[in-house]
Amino acid sequence: MFAIMRTIRKPIRKLMLPLFAMILSACDPSMLGGLASGGPKIDPNAPIPVALLVPRGGSASDNLLAKNLENAARLAIRDLEGVNISLRVYGTAGKASTAATAASQAVAEGAKIILGPVYGEAANAAGVAVAESGVNVLSFSNNTTIAGGNVFVLGPTFDTAANRLVRYAKRTGKDKIVVLHANNIGGQLGRNAIQRAIAANGATLSGDVEYALSQEAVRAAVPRVKAAIASSGANALFMTANSSTALPLLGDLLPASGVKNDTTQFVGLSRWDIPTQTLAIPGIQGGWFALPDPGASAAFAARYTAAYGERPLDIAGLSFDGIAAIGSLVKSKKGSALTGAALTQGAGFRGANGIFRLLKDGTNERGLAVATIRNNQVVLLEAAPKAFGGAGF
């Protein structure tokens, strides 16, 4: 059918579940804990030293990431009124040890907050390196296992997507849910997020089916899914697979087995519009997934393209978000603007992809839209909220 289908017909070596495909974040955190409510005092009337840690000096793809992240940060700085940010960029080569050294150097050179790095292990290492200074780290990772203490994750999380989708499913009568997931770390984290969302929103967990990392295992899981739905009367099937792994194969096998979207609502924890070829998979037509505010995302992409002559990677928006949050807080003219307590203010911030806020456990919450696929096109079912407390929250 297309490249993804050709790939999935071979043994599946890896099944990863990034909500942004460019964010790779898996590690065993060495620092867990609650919110570091403190932080360094600032002079809001003077230039605010902000360190940006990017994977410059690594692979070609890392260097592209670094370029996008720096460009987006500088684009966000242009929007700030009454706030003077002194951006200092440090390369990490995508390595945890280099990130730790860069974070320590940044703080020694006066940084009041650190934006980045990208990868989970590097973000964890940076946080540990500067923990005693109280400087907070707004990482681009989506690995919630590293969140806590002075480390926040800006990347989109499974919990946000799961909560948005389960809440919508509950309101529309699709409240008996079977979860289908891989047995790797990503699949298990996705499953856990869906199960938490089911419990929090009063839905029912009707079954849990996992598969190992091979084509044969995916095939073997399909009759078990069918049996779980038949025995429980489930009316929704949540899948953690993304378009670069098992989703195209499942999109073929599930309908062929009699599990169809018109009777059992298919719901994807990952983005089903990335890459765009995914929209052509016949078996997921009518399926639901969550995505950032399309209007905000398009506006950011247009501005970035106008400024730099090329479209941004999805991850670039996280760098824009970090500067937007910092600028909004510093504008308050308070010396405590960059403490953990300030960063987690409930109203949140407006960023490249809509509204978001940082939570006291170091994770984040984002305003997401709910979409479906009709005739190979994305169709919005419910718009992203414009403020916290609205639909989906």
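Derivation of every value follows stated rules applied to the coordinates shown; laboratory data play no part. Bear in mind the structure is a predicted one, so any value in this text is a computation, not a measurement. Glycine also receives a Cβ, built like all others from the backbone with ideal geometry; neighbour counts cover every protein chain displayed.
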Which shape class applies to the range 197-278: rounded if a/c is under 1.5, otherwise prolate when a/b exceeds b/c and oblate if not, where a ≥ b ≥ c are the square roots of the Cα gyration tensor eigenvalues?
oblate
Lys41: which lysines have alpha carbons under 22 Å from its alpha carbon, excluding same-chain residues fewer than 8 sequence positions away?
Lys112, Lys331, Lys333, Lys334, Lys360
Excluding Pro49 itself, calculate the net charge of residues whose Cβ lies under 10 Å from the Cβ of Pro49, where each Lys or Arg counts +1 and each Asp or Glu counts -1.
+1
Working out 0.36 nm times the residue gap between Arg224 and Ser257, then minus their Cα-Cα distance, what length gain in nm do you get to one decimal?
10.8 nm
Please report the relative contact order for the chain, taking Cα pairs under 8 Å with a sequence separation of at least 6, and give it as a percent rounded to a whole number.
21
Under the definition of Cα pairs under 8 Å and six or more residues apart, what whole-number percent is the relative contact order of the range 213-360?
17
With -39,500 (n - 2.57) per DSSP H segment of 4 or more residues and division by the full residue count of the chain, the 222 nm estimate, nearest 500 deg cm²/dmol, is -11500 deg cm²/dmol
Expressed as a whole-number percentage, the relative contact order of the range 54-150 with C-alpha contacts under 8 angstrom and at least six residues apart is 25
For the chain, divide the Cα radius of gyration by the Kirkwood radius and give the resulting Rg/Rh value with two decimals.
0.98
Would you mind pulling out the separation of the Cα centroids of the range 36-66 and the range 254-281, in Å?
38
tail above 23 Å in the computed P(r) of the range 135-275, as % of all Cα-Cα pairs, reads 34
As computed over the range 234-393, the Cα convex hull volume per residue (Å³)
133
Debye calc, one equal point scatterer per Cα of the range 165-212, no solvent, log10 I(q)/I(0) at q = 0.14, 0.18, 0.20 1/Å comes to -0.32, -0.50, -0.61
How large is Rg over Rh for the range 41-154, taking Rg from the Cα atoms and Rh as the Kirkwood inverse mean of 1/r across Cα pairs?
0.95
Residue among Ile323, Ala298, Gly348 farthest towards the positive dipole end of the range 294-360, charges placed on Cβ
Gly348
Could you give the dipole magnitude of the chain about its Cα centre, charging the beta-carbon of Lys and Arg +1 and that of Asp and Glu -1, in debye to the nearest 20?
500
Stretched out fully, how many nm does the piece from Ala46 to Glu81 gain, at 0.36 nm a residue minus the Cα gap?
11.2 nm
Express as a percent, rounded to the nearest 5, the fraction of DSSP beta bridges in the chain (both residues included) that run antiparallel.
35
Square roots of five times the Cα gyration tensor eigenvalues for the range 65-130, Å
22, 14, 9
Counting all C-alpha pairs of the range 87-179, share separated by more than 24 Å (%)
33
Mean Cβ-within-10 Å packing, highest first, puts peptides 311-323, 341-353, 213-225, 278-290 in the order 311-323, 278-290, 341-353, 213-225
Checking the a/c ratio against 1.5 first, then a/b against b/c, what shape does the Cα gyration tensor give for the range 275-369?
oblate
